[in-house]
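The values are calculated or read from the model by the stated rules, or taken from the named source; none is laboratory data. These numbers were taken from a predicted model, which means no experiment stands behind them. Cβ placement follows ideal geometry from the backbone for every residue including glycine, while neighbour counts extend to all protein chains displayed.
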Amino acid sequence: MTFTHDTELSLVALADLVNTAEHGHGDELTDPAALDALLARCRWTGSRSHDPAELHAVRVLRDRLRPLWHLPEDAVVAQVNAILREAGALPQLVRHDGFGYHVHATSPAAPLADRMAVEFAMALVDVVRHGALDRLRTCSAGGCGHVMVDVSRNRSRRFCGPACASRVNVAAFRARRAAPPA
């Protein structure tokens, strides 16, 4: 099972946002410029205030979303429904920036944190509907702590990125080479 293009983009952006939080690596969202960089990577559109209040609202949202990786389905559903309700989500089809029709549930003029919250909640709606909460994972590399979304067809992704995968694979290779012959 694969997700639609817009759902996959939102899920990856959600994990990217959550991974900016301090968990052994320091907080990456330290100023509006850091938020700008994140939004550029995620190709985020719509209005922006570029002020500390906007940054604070996104950081609060991030802290609200991180626990979703570890909650049971009913708790995820309760959180998703609360986010959609609080933001007054009104799903509608839109087309912009070279993307075909896809669903937005807020106005492009809505505050950034509201737009992000609803976009992520809508993506999580698809995850829950497909019974795919097991695709929300934490990186298997020891000491990493980053979250990820496994969007592979065979549900085999274990690492948040190539750096962690390489580090684990090199360590395993070295351990095999150092082991006495059987």
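Quick rundown of the values:
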read-out: Looking only at region 72-128, and only at residues there that are surrounded by fewer than 12 Cβ atoms within 10 Å (Cβ to Cβ) and closer than 23 Å to HIS56 by Cα, the one that is modelled with the highest pLDDT; value: ARG85
read-out: Close pairs from region 47-62: first under 11 Å from PRO111 (Cα atoms) and touching a residue at least 12 places away in the same chain (Cβ under 8 Å), partner of a type in the set (Lys, Arg) and assigned to a loop (DSSP other than H, G, I, E, B), Cβ under 7 Å, at least 6 apart; value: GLU54/ARG48
read-out: Candidate set from region 43-71 (those that are part of a loop (DSSP other than H, G, I, E, B) and surrounded by fewer than 17 Cβ atoms within 10 Å (Cβ to Cβ)); member that is nearest to the chain's Cα centre (by Cα); value: ARG43
read-out: Count - residues of region 13-41 that are crowded, with 17+ Cβ neighbours inside 10 Å and within 13 Å of the chain's Cα centre (by Cα); value: 11
